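Below is one structure, written out as structure tokens; comments come after it.
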Amino acid sequence: MALSTSQITLKSSQLKAVYRMLAFNEDADAFEDEFSLPPTGSSHNQWKILIYDGPCRSIISPLLSVSQLRKRGVTLHLLLNSEREPIPDVPAVYFCRPTKENLAIIAKDCSKGLYGRCHLNFVTKLDRALMEDFAKLVVQTGTLESIAGVHDQYLDFVCLEQQLFSLAKKDSYVQYNGSGASEQMIEQAMTDIAYGLFSVVATQGKVPIIRCPKGGAPEMVARKLNRMIAEHPTLLRNKSSSLHRPLLVILDRNADLITPIQHTSTYQALVDDMLTHKANRVEFDVTIDASAKRPKTVQKKFDLEPDEDPFYSRHKFNPFPEAIESNGMDLQEVSAKEQSIRSKAAGNGVPDPSSTATDLANAVDSLPALLERKKQLEMHTSILQAVMDQVAARDVPQFFELETSLATGSYKNDASRAKADVLHLAADPAKGNLEDKLRLVVVYILTTNAKTADVDEVAAAVQEAMETLGEDGKPRLDKLGKQNLEAGMKAIGYLKQLRSMHMLPLSTALQEIESEPKAAGGSVFTSVFNKATSQATGLLAKAADRVSSMLGKIHKHYATRVVENLCEMQPGSEDDDFLYLDPRVKGDVDVQKLRMMNRSPVREVTAFVIGGGCYSEYQNLQMIANDRRTISYGSTELVDAGEFLAQLGQLGS
Amino acid sequence: MAEDRTSEFLALVRSLPEGSQPTQIEVPSTLTSGNVSGRYNNNRNNNNNNSNSNNDSSYAQLRDFHTTAAGISRDIAATSSMLKDLTQLVKQKSLFQDDTAKVNDLVVHIKASIENLNGRLDAAGRQIAQQKRTLGKNSQPAQEATNMVGQLQEEFGQAAAGFKTILQQRTNLLKETTDRKRDIYGAQEDVPVLNLENRPPVYNYDQPTGSTALTGFPTLDLTSGMTAGEPTGSQLPRPHGVANYETSSSMRLRHASTSDSIPTFSGSASSYYGRQNSTPLTPWDIQRMEQESGQDQLMQLIPDQDYLRERADAMEQVESNIVELGTIFNRLAVMVNEHKDMVQRVEDNVDEANSMINLSLNTLTDTLTNLQTNRALFFKVFSILVVFIISFIIFFA
């Protein structure tokens, strides 16, 4: 999965745009990499202050660290709505959403003369009306001089990885599925999404072909986006990329509700599921000396760099036990190297000075890099351990297995056995926590056409199991837990209701098993894994044993299948009935007619899910990416299972 | 893909004062844009003066500081471009073409500018420290200025480190060419490896300057680098500029006296600290010494075995010292890295502030509940007292 940095991806394009913005929108193409950058403070790289609002901060934070900003001459970065003191004569770069409040704050700043000249950058299009208001303010305060430029950047998306982005819209699933949403609100939400997608398209700089299912939110967004691109003056004229047009697939979360709920087995997805993971930052609590009378818990925070960190980029899509194993091996290797260097440095008594001197110099030079790598690996060790603790405590592998077999349709002809198995796991109070059980029930509802009575029985079993007293005689649920239980029951109610209205796609084989020999590769993994267990130590080893069953099952999720069919233009699949919109062509295009012509193969795909995406879907999609085809994945927001369950619960109430 | 809407905005603004803004209570508008902007400028300045009159002096200082900083960074840029030239020169591995004069020239220039920059950076740091007192420690202008100095120091450190590696490269290359020359012109077999005197007299060195005076050997002062390790000092090595030119005889003496006290490579950093007062010499001087010793060699046509052996020892010394310097530089690099680690993500500041606010809120609520419970106690005591008094009145009155 490691990508060469020279490749043009969404993230690199966004980074380039941000760099240009920080260079006051002058042409900064020459200084793209850090090494050819002129020193800060010189005429090409002036000192400046960056002022952003909250959403724009979340755009910048995964892209650039503070020291990188410094290299670009940013000496201070401040929030727009915080209290700011005057720093005269230093130019300021504003980067914020074009809202009335923000514009008012900017005008006030100018009138106070806080900074030198102000370079205004808006994350999306600044409406003409807002601009007029702002112009009036500026004229009233008489500060036209201080405004150096006004730019629309079209950067309204958060790029977390080379091929992963999110529009950061909260509760997006509720927004357009809620019964309380008025027509106008939905319209507004869809326009927002379309603007976000337009930012993505504009940053990529290529006019895509848009595909989406007919009807519902995807069509609405697709048509809006199509119009935006077609009406934009410069984007269409860019003819350079007319041969290989990128494909933009817009999907609806409702078509596949299972994926964000299901338990997962790969490293990145498990980190997201088990720990608090937001915008590439992991947080978790670690208990120090648990044997002591009063065990202390310490919160740990780590920043993951999916593209720079070699271990993470190699293993984020790998099954969890594999990640543990190679982490151990890498760590050993690095420690050995470090040892050898240190011993070399210590043993100074070597007689031949001319060669050892250079050797030594080289060794010492390489030491910081090695230490850096070791630090990274140790970080991953502690993350792996934290995940492992959770996995072991909650019996995640059992849930994962049962859910996977439900989803792949192994119980197709045996509804009573399915129910028995689900009931068995759901009723056992020792296995999993409330969330795990609720997720199991949701998967059960979504994958089988079990009778409503059966569903009720399972749900009741969960409730009962959670309300029994724990081993220490205390109730298993505190106040918050009870609320969660209630919300979960509401979510189940909502899904039952959806099902009774036949609004759910009820195919029993929503995910088809990959027919490649990988499925049979379980035994290979197990043998490798045995070796790993002998190397790993302590709790890690014991608990890792339980995850070994997670291996060897790879299947394609709904989104993956759709994208693959669209890319390969399979007749008789979604390729036939999805809408085909081309901003260069007016009106809809009939796919049947296109079949007659020779369609060029698809090189770049962007899959976008309205209503929340998740890491397991992202990982699943990357399976069908190869040398000739890159697949980017985006969604209105990235949700983990708990958040998505909560959104379903909101809809049920 | 950014869209420039500045002109649209300007057009919009210009269209405004003419018709649509009759309510505006301002000086009667003069319509040419030049005048307009001039007027606005004045207004702004007035505002500035009114609101900030008390802070004016400190702002003037800040302004001064900004110009100094700009100057420093310009010079750093110039230095790094010179460094680039030097790298190119050094990398030309031609046996017969020799740019010693050019290289020397550049080295001297770079050395001078690095010294100069270091001094100015220190001065800037002091200036900032002073201003912090007037502006308040956490004020944003002070932060901005501190960050600026930090960044400048980092860049300066990088440039200096680059200089070091180039010097190292140059030394290696010089040695290599000597070896190759020996290969070509034939060498005497029985001499030790580092005997540099074996350059055959046949070879005619084309030396433009030919400074005949015997100049001194290098003594290496490691304290120059070590000032970086001290917490109070600047983060960067401080080159003590004076190169010491002494006669070779006294030089030899000095060398003999200091060589045994020069610590081994594996020695800990603390062992360097005691030697602050020995004669300083910076890495860039080594380079020059290299050059000059090369020239010396030419003068020295009659091999004097003792003297030459000593020279060979000195060479070794220089080499090992370069390695030691390397560790110092590395430590410096680590320090810079640590400095970077302190603030990684943009939100961190805000997060911290947030947690602080939460903490203070908690404390406040705690205090409040504390107060409330006290009040309850007070009421209880008071009511009991009242009951007693009443009963006292009823039963005894």
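The values are calculated or read from the model by the stated rules, or taken from the named source; none is laboratory data. Here the structure is a predicted model, which means the values were calculated and not measured. A quick note on method: Cβ atoms are made from the backbone with ideal geometry, for glycine too, and the neighbour counts reach across all protein chains shown.
Does A:THR276 satisfy the condition of being modelled with pLDDT of 85 or more, more than 25 Å from A:GLU401 (Cβ to Cβ) and among the polar types (S, T, N, Q)? In short, yes. Looking at A:ASP252, A:ASP273, A:ASP192, just one residue is more than 14 Å from chain B (Cβ to nearest Cβ) and touching a Ser or Thr at 6+ places or on another chain (Cβ under 7 Å), and that residue is A:ASP273.
I need a count of the residues in the stretch A:99-122 that are part of a loop (DSSP other than H, G, I, E, B) and either within 11 Å of chain B (Cβ to nearest Cβ) or surrounded by 18 or more Cβ atoms within 10 Å (Cβ to Cβ) (or both). Qualifying residue count, the stretch A:99-122: 4.
Return a yes/no flag: does the stretch A:425-436 have any residue that is part of a loop (DSSP other than H, G, I, E, B), touching a residue at least 12 places away in the same chain (Cβ under 8 Å) and within 16 Å of A:SER616 (Cβ to Cβ). No. Of all residue pairs spaced 6 or more apart or on separate chains, those with beta-carbon atoms under 9 Å, a first member in the stretch A:216-233 that is among the polar types (S, T, N, Q) and a second member that is outside any helix (DSSP H, G or I) are A:ASN226/A:ILE210; A:ASN226/A:LEU581; A:ASN226/A:ASP582; A:ASN226/A:PRO583.
Does at least one position in the stretch A:145-167 carry a residue that is out of contact with any strand residue (DSSP E or B) (no Cβ under 6 Å at 6 or more places or on another chain) and farther than 30 Å from A:GLU219 by Cα? Show your work before the answer.
Looking only at the stretch A:145-167, we keep the residues that are out of contact with any strand residue (DSSP E or B) (no Cβ under 6 Å at 6 or more places or on another chain), and these are A:145, A:154-156, A:160-162, A:167.
Next, from what is left, pick out any that are farther than 30 Å from A:GLU219 by Cα: A:145.
Yes, the stretch A:145-167 contains a residue that is out of contact with any strand residue (DSSP E or B) (no Cβ under 6 Å at 6 or more places or on another chain) and farther than 30 Å from A:GLU219 by Cα.
Among residues of the stretch A:171-190 being under 22 Å from the mean Cα position of the chain (by Cα) and within 17 Å of A:ARG227 (Cα to Cα), the one that is surrounded by the most Cβ atoms within 10 Å (Cβ to Cβ) is A:MET190.
Being out of contact with any helix residue (DSSP H, G or I) (no Cβ under 8 Å at 6 or more places or on another chain) and within 11 Å of chain A (Cβ to nearest Cβ) is true for just one of B:THR165, B:THR171. Which residue is that? Step through it out loud before you land on a result.
Values: B:THR171 fails: out of contact with any helix residue (DSSP H, G or I) (no Cβ under 8 Å at 6 or more places or on another chain).
Answer to the selection: B:THR165.
Inside the stretch A:123-237, counting only helices (runs of 4 or more DSSP H) that do not spill past its ends, which hold 1 or more residues that are over 26 Å from A:TYR580 (Cα atoms)? Outline the logic, then answer.
Numbers: elements: A:128-141, A:172-177, A:183-204, A:216-231.
Of the helices (runs of 4 or more DSSP H) lying wholly inside the stretch A:123-237, those with at least 1 residues that are over 26 Å from A:TYR580 (Cα atoms) span A:128-141, A:172-177, A:183-204.
The selection criterion, being surrounded by 15 or more Cβ atoms within 10 Å (Cβ to Cβ), among the small types (Gly, Ala, Ser) and more than 22 Å from A:GLU568 (Cα to Cα), holds for A:ALA230. Can you find even one residue in the stretch B:359-372 that is charged (D, E, K, R), at pLDDT below 85 and in a helix (DSSP H, G or I)? Checking the stretch B:359-372: not a single residue is charged (D, E, K, R), at pLDDT below 85 and in a helix (DSSP H, G or I).
Tell me whether the stretch A:34-42 contains one or more residues that are within 29 Å of the chain's Cα centre (by Cα) and modelled with pLDDT under 80.
So the first thing to find is which residues in the stretch A:34-42 are within 29 Å of the chain's Cα centre (by Cα), and the list is A:34.
Narrowing further to those that are modelled with pLDDT under 80: A:34.
For the stretch A:34-42, residues within 29 Å of the chain's Cα centre (by Cα) and modelled with pLDDT under 80: present.
On the given criteria, is A:PRO218 touching a Pro at 6+ places or on another chain (Cβ under 6 Å), within 23 Å of A:HIS232 (Cβ to Cβ) and modelled with pLDDT of 85 or more? Here the answer is no, as A:PRO218 does not meet what is asked.
Looking only at the stretch B:162-169, decide whether some residue is in a helix (DSSP H, G or I), within 30 Å of A:LEU79 (Cβ to Cβ) and aliphatic (A, V, I, L, M). Spell out the reasoning first.
Looking only at the stretch B:162-169, we keep the residues that are in a helix (DSSP H, G or I), and these are B:162-169.
Next, only the ones that are within 30 Å of A:LEU79 (Cβ to Cβ) stay: none.
There is no residue in the stretch B:162-169 that is in a helix (DSSP H, G or I), within 30 Å of A:LEU79 (Cβ to Cβ) and aliphatic (A, V, I, L, M).
Only one residue in B:VAL346, B:VAL381 is at pLDDT below 85 and β-branched (Val, Ile, Thr), so which one is that?
Numbers: B:VAL381 fails: at pLDDT below 85.
Within the list B:VAL346, B:VAL381, the selection yields B:VAL346.
For A:LEU160, are the conditions met, namely being aliphatic (A, V, I, L, M) and within 14 Å of another protein chain (Cβ to nearest Cβ)? Let's see the steps before the verdict.
Working: aliphatic (A, V, I, L, M): yes; within 14 Å of another protein chain (Cβ to nearest Cβ): yes.
Considered against the rule, which asks whether it is aliphatic (A, V, I, L, M) and within 14 Å of another protein chain (Cβ to nearest Cβ), A:LEU160 comes out as yes.
Residues in the stretch A:60-80 that are more than 8 Å from chain B (Cβ to nearest Cβ) and within 21 Å of A:PHE157 (Cα to Cα) were compared, and the one that is surrounded by the fewest Cβ atoms within 10 Å (Cβ to Cβ) is A:GLN68.
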